[in-house]
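This report refers to the structure that appears directly beneath it.
The values are calculated or read from the model by the stated rules, or taken from the named source; none is laboratory data. Given the structure is predicted, the values throughout are model-derived calculations rather than measurements. Note that each Cβ is placed from the backbone with ideal geometry, even for glycine, and that neighbours are counted across all protein chains shown.
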């Protein structure tokens, strides 16, 4: 089921001769008689909150829900100003709910019903200005109970669970080894930090692991002994699975570890033989490409540990295979973050105290840079673009090892060696153009998650020195951009650039001339690749006929042979 449309509502009203409106209600629909604009607005605010805290829904004003018979049940509404009503709902809810308010024409009563359609809220929990919190359960609006209310607040980052006191945990329950681990981490990253000079209690207070002498949940997650962590925070479970094939498991580790130890464990896995490297030649040097870049793995694990929903009983799961690395953490995205804007949206930590502690330990950034590091660490090695997914209850990040484009890594490394700055934006565009011939500004805006003007600026910069990665085709707003000649040759092969410039059959001869001016010789297979003819027998015959035509006295090619195989050069 879903939120009813106006057509759905009219179809239900047609059933009122055989049923009362109450029987037609659902978790997404409620009928209400109209008591006048002022009273209806109070009811609308209450139901807006109720539906927004669930999956959304519609309130129909002007229908008596206990009356049988269409003529008796549909009374209609009178005196409602749609714009005033919509603004009143926004002002009467916290956070303000933007409901759709409209009038629906009917033949009975006053001739119109008032429809209030409410989407599912993105900043739960919602309440009325008077402090009423409800949630749709079946056909009823029920008070949001204390546990559900707290979970909704934590899920939306309205409440910082990580900064709350950890009940039943004393300072003696913290592990000195974990405390020393934190000091070592900070010492390695910021040896001049003033926190390092503090005694243990002040060090803990500086990280807000202890507040007013009481251990916080952040203190438990970072420093608690294992048995205390298992008792007080059993959901802090970390599960690592190594697959040696699609159907078999080589390693299956389930632990409840303090956060810093969990990160260290993952780093040990991915700096060892389970994360092999391969080398590619780069002039006099060699570029080593890891299966999964350690920087991206570290950021992925830290993000999962920092931003997961700790009131959710689920675990953090890391699935590792030679094809992909999948990190799944409980809790959906927070406060408007989506896979479509994750590269640009400002950081909104669900666990602010924990995030602040990791910032102070120099393990994460407070500005959301970690997400961009995950993408860049993959793309700079020619890996596929990382992929975020969510079902509203979990967030999954996939890092890919298959379909690696080593040539992209070569291009990036050479530009870097030449002193040119290759940004994440440049890498995102290159990654997209590996799978397509060209892109326009609109496509670039989607790939880069930027406004069109900003995306255009990125493309134009890639056309200019010192990058010279792209070329522009056209001079209007509909212009397209494709890989420059040298880059296309490295990444896609000799024929790619010429093919991208045009595939009209009337230009076949021109394309071949242009190709031979760069590459000196061409054969049947290269001609078919250049012209996009394919590999079928008929395509081979077609290519042979073209060569025969172009080798005539008035043509421009000369036929040659090497080891019994023909090839052609410019006459």
Review point. In this structure, is residue 312 more than 24 Å from residue 382 (Cβ to Cβ), surrounded by 17 or more Cβ atoms within 10 Å (Cβ to Cβ) and touching a strand residue (DSSP E or B) at 6+ places or on another chain (Cβ under 8 Å)?
Key: yes
Practice item. Could you check how many residues of region 446-498 are part of a helix (DSSP H, G or I) and touching a helix residue (DSSP H, G or I) at 6+ places or on another chain (Cβ under 7 Å)? Key: 17
Practice item. Check 298, 350, 319 and return the single one that is crowded, with 17+ Cβ neighbours inside 10 Å and assigned to a helix (DSSP H, G or I). Key: 298
Review point. What's the number of the condition residue 397 fails, among (1) exposed (fewer than 14 other Cβ atoms within 10 Å of the Cβ); (2) part of a strand (DSSP E or B)?
Key: (1)
Check your understanding: Can you find even one residue in region 44-61 that is in contact with a helix residue (DSSP H, G or I) (Cβ under 8 Å, 6 or more places away or on another chain) and farther than 23 Å from residue 123 by Cα?
Key -> yes
Check your understanding: Quick one: which of 40, 30 is modelled with pLDDT of 95 or more, part of a helix (DSSP H, G or I) and buried (at least 23 other Cβ atoms within 10 Å of the Cβ)?
Key -> 40
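So, residue 443, is that one without any contact (Cβ under 8 Å) to a residue 12 or more places away in the chain and in a loop (DSSP other than H, G, I, E, B) or not? Walk me through how you get there before you give the answer.
Numbers: without any contact (Cβ under 8 Å) to a residue 12 or more places away in the chain: yes; in a loop (DSSP other than H, G, I, E, B): no.
So residue 443 does not fit the description; no.
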Point to revise | Tally of residues being assigned to a loop (DSSP other than H, G, I, E, B) and surrounded by fewer than 16 Cβ atoms within 10 Å (Cβ to Cβ) across region 99-118 | key: 3
Exercise for review: May I ask you to list the residues in region 194-220 that are touching a residue at least 60 places away in the same chain (Cβ under 8 Å) and assigned to a loop (DSSP other than H, G, I, E, B)?
Suggested key: 207, 208, 209
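For every residue, the table says whether it meets (1) in a helix (DSSP H, G or I); (2) modelled with pLDDT under 95; (3) farther than 18 Å from residue 84 by Cβ.
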| position | (1), (2), (3) |
| --- | --- |
| 44 | yes, no, no |
| 48 | yes, no, no |
| 51 | yes, no, yes |
| 55 | no, yes, yes |
| 60 | no, no, yes |
| 67 | no, yes, yes |
Exercise for review: Quickly run through region 221-250 and pick out the residues that are surrounded by fewer than 17 Cβ atoms within 10 Å (Cβ to Cβ), in the same structural domain as residue 176 (by TED's automatic domain parsing) and assigned to a strand (DSSP E or B).
Suggested key: none
